[in-house]
Amino acid sequence: EEYRTPDTIRSVGHDRVWQDLEAHLADLLADLFPLARRSGNYDHNSRLTALARTQDFCFLETFCPKLLEIEAPNHLDVGPGLGSHAVYSLKHLNANYIGVEAVRIFYEIQRHFYRHLARTQGTRYFDPVSEEYLETGLGTLADEIATPGNHRLKHLPSWHFDMVPDRSQDLVTATFVLNEVAPAGIVWLMSHMIRTLREGGILYIRDSRKN
């Protein structure tokens, strides 16, 4: 579904960012899912996913300009879906990004997406689940999660949410996710989101009017 960008958040770079994100998503999806172009929805979905993420970025650019003044902000994304928030986060916010996911199949999709994105963005991707298979200690994993810059793109299963340090994040995002969670889950997620947000940081929530 396409939702027009409201004039109140349409920043000067809206179209440029949209085109950039669309090109990135098209390239990523073409590499990960080469047969998907046979479906008539492929280009449509890439375009609208890029539009949604452009709107998120433009909202932050319009109403949270101090975020863009931070040299390398820390960005925590709850329920990343495909993982598309990481595209604008790495390139246009120059952020250190952490995606937190609870659903196994989405985690697997994000893992492929993030690995490819890290290569195209010239950075490194950190996946503690893969490290656990090699019996890396939890203390070592927690130290890596807590250290910005070693890997600008990090990925966490929800059971390791406590590895994200208190008051460490400049931006926490949750888009089209809280409506999918039971009330107890919302309380649990929100408690971690607030715990990890630094004083003066930004909590950005977006959901559909239908939900």
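The values are calculated or read from the model by the stated rules, or taken from the named source; none is laboratory data. Predicted model, so just to flag it, every value in this text is computed and none were measured. All Cβ positions, glycine included, derive from the backbone under ideal geometry; neighbour counts span all protein chains shown. The accessibility values were calculated without ligands, DNA or RNA, using every heavy atom of the protein model including side chains. Shrake-Rupley method; radii C 1.70, N 1.55, O 1.52, S 1.80 Å.
When the helices in the chain are scored as -39500 (n - 2.57) per DSSP H run of 4 or longer and the sum is shared across all residues, what 222 nm value do you end up with, to the nearest 500 deg cm²/dmol?
When only DSSP H runs of four or more count, the value is -14500 deg cm²/dmol.
What is the percent carbon and sulfur in the accessible area of the stretch 1-157, measuring with a 1.4 Å probe over the protein chains and ignoring ligands?
Exposed carbon and sulfur together represent 52 percent of the surface.
Using a ≥ b ≥ c from the Cα gyration tensor of the stretch 1-136 (square roots of the eigenvalues), is it rounded, prolate or oblate, where a/c under 1.5 gives rounded and otherwise the larger of a/b and b/c decides, a/b for prolate?
Cα axes put the stretch 1-136 in the oblate bin.
Hey, for a label at SER191 modelled as a point 7 Å past Cα toward Cβ, could you say which residues of the stretch 73-114 have their backbone N under 11 Å away?
none
Is the C-alpha gyration tensor of the stretch 165-211 telling us rounded, prolate or oblate? Criteria: a/c under 1.5 is rounded; beyond that, a/b larger than b/c is prolate, otherwise oblate.
Oblate is the answer for the stretch 165-211, as a/c is 1.5 or above yet b/c matches or exceeds a/b.
Under 17 Å from a point placed 7 Å out from the Cα of ALA184 along the Cα-to-Cβ direction: which residues of the stretch 127-165 have their backbone N that close?
159
Could you calculate the FRET efficiency of THR147 with VAL12 from 1/(1 + (r/R0)^6), where r is the beta carbon distance between them and R0 is 35 Å, rounded to 0.05?
Step by step, r from the Cβ atoms, then E = 0.50.
Would you work out what percent of the accessible area of the stretch 162-204, with all protein chains in place, is carbon or sulfur (probe 1.4 Å)?
60
What relative contact order, as a whole-number percentage, does the stretch 1-149 give when Cα pairs under 8 Å and 6 or more residues apart are counted?
This gives 20 percent for the stretch 1-149.
With every protein chain kept in place and ligands, DNA and RNA left out, what is the accessible area per residue of the chain? Probe 1.4 Å, answer in Å².
52
For the stretch 57-211, what is Rg from Cα atoms divided by 2.2 N^0.38 Å, rounded to two decimals?
0.98
Suppose R0 equals 22 Å; then what is the FRET efficiency for ILE205 and CYS64 from their Cβ-Cβ distance, rounded to the nearest 0.05?
0.95
Going toward the positive end of the dipole of the chain, with +1 on Lys and Arg Cβ and -1 on Asp and Glu Cβ, which of ALA146, HIS160, MET190 do you reach last?
Of ALA146, HIS160, MET190, it is MET190.
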